[in-house]
Amino acid sequence: MDEVEGPDPGRLRVSDAERHQVAEALREAAGEGRLDLDELDARLEAAYAARTYADLVPLTVDLPAHRDQPHVVAGAAGRATTLAGPRARGERHLAILSGMDRRGVWTVPERLTVVALMGGANLDLRQATFAAPEVVITVHAVMGGASILVDPHTRVVLEGTGVMGGYSGPSGLVAAELDASSPTVRVRGVAVWGGVSVERKPRPGGPRRLRRR
């Protein structure tokens with residue numbers, strides 16, 4: 001009896017989180033000198049426009065393997081047979097005289113590091129999915145700052161150090177509504193002539209809770 005072939009994995013739809021993973025890998029490759037600015041711009045545009053794994057995978061196929069990138073493993077006769085690519089455990093972002101913004105539906109990795117040097121970062125976690133029950137966000141602000149938004153259901157632990165700067169929060173007009181299922185966001189780092197604030201606000205569009213992976 002002939003074997004019934006399943007759907008081609010390369011035609012499966014990719015998520016926003018996977019587009020972001022590939023985009024970060026491309027930026028890292030450019031920082032290492034593997035891509036020039038024109039190549040980076042072209043590939044980033046293609047990454048954010050990608051709809052399937054077949055669109056996304058070729059963008060990093062000529063770069064060193066990265067365990068957190070989504071990829072398709074080729075089987076017999078070159079046919080795509082297996083999907084792989086666990087969620088990134090860590091991300092790093094650098095904002096120098098510029099800004100970094102994350103909002104809407106996205107995945108917060110277990111370890112997120114942001115360096116804001118005379119720049120700023122805005123992290124809205126209210127509609128985010130967490131990669132772990134506890135995530136650590138490290139923000140180093142040097143003559144810069146960062147704003148972190150959480151919903152009432154998120155537990156926040158501040159461990160940052162201020163040097164002529166500081167960490168504050170969680171503040172806001174809504175009270176915390178914590179229970180055993182509440183995810184924990186641990187905020188660390190050093191603020192030098194800068195500041196990092198955590199504010200509690202209602203989830204956009206309704207009171208639904210943040211999701212955990």
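The table below lists the values:
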item: Alpha-carbon centroid distance for the pair region 108-128 / region 30-55, whole angstrom; result: 22 Å
item: In Hz, Karplus ³J(HN,Hα) per residue of region 144-152 (6.51, -1.76, 1.60; θ = phi - 60°; x = Gly, Pro); result: x, x, 8, 10, 10, 10, 10, 9, x
item: Per-residue ³J(HN,Hα) for region 128-134, Karplus 6.51 cos²θ - 1.76 cosθ + 1.60, θ = phi - 60°, Hz, x for Gly and Pro; result: 7, 9, 8, 6, 8, x, 10
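Read-outs: derived from the displayed coordinates by stated rules, not from any lab. All of these numbers come straight from a predicted model, not from anything done at the bench.
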